[in-house]
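The values are calculated or read from the model by the stated rules, or taken from the named source; none is laboratory data. The shown structure was predicted, so the numbers you read here are calculated from the model rather than taken from an experiment. Counting neighbours? That spans all protein chains shown, and the Cβs are built from the backbone with ideal geometry, glycine included. These accessible areas exclude ligands, DNA and RNA; they are computed on the full protein's heavy atoms, side chains included. Shrake-Rupley method; radii C 1.70, N 1.55, O 1.52, S 1.80 Å.
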Amino acid sequence: PRRRDRAGRRCNGMDFDAFFRSEHDPLLRLCWAMVSNREQARDVAQEAMCRAYERWDRLGEPGSNLAGWVRTVALNLVRSQWRREQTRSAAAVPVVASYEDPSCTDPELVAALARLSNRQREAVVLHHLLDLDVAGCAAAMGIAASSVKAHLQRGRAALEVALGDRVLTTEGVA
């Protein structure tokens, strides 16, 4: 009964089921690129969507960006995981890539992304893999546009060293 009530309600002209179908895969790609672990990525994406579902009735203010809200929630969940991992160990916790994931088009790219700082990886993934502009990245990351540009520049430089002259695309590395 409760599911039908929420599924039938519209938020910015969209019901939750349609929103889920259109935004789940991009959200999962974002999460996977950030944590480099298929199961963790699924957990984070699912939790972000669950939070959207729980708040669906309240998210529909005119002009609100539902996809941006869910991305921000997912990024905050990833950051929380990073903080928990840092408090568990004084040493840096390496990010281990899961290469059996079918969305991984280039294992070298995944490994190179894992070696970036958290903020550099976040900026590169949002800008290059999700095609957000600098302002969109800044909003999702909760930082100034100038900081996004700095993280992008440093991240790109590190990727260029790691990947050579290959070009970063939305499909992986060309």
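Rolling a 1.4 angstrom probe over the protein chains, ignoring ligands and nucleic acids, what is the accessible area of SER146 in square angstrom, nearest 10?
Counting only protein heavy atoms, the figure is 80 Å².
Can you tell me the FRET efficiency between ASP57 and ARG83 if r is taken as the Cβ-Cβ distance and R0 is 35 Å, rounded to the nearest 0.05?
0.70
For ASP15, which sequence-distant residues (separation of 5 or more, or a different chain) have an amide H within less than 5 Å of its own amide H, given hydrogens modelled in the peptide plane?
none
Net charge near VAL124, counting Lys/Arg +1 and Asp/Glu -1 over other residues with Cβ under 10 Å of its Cβ?
+3
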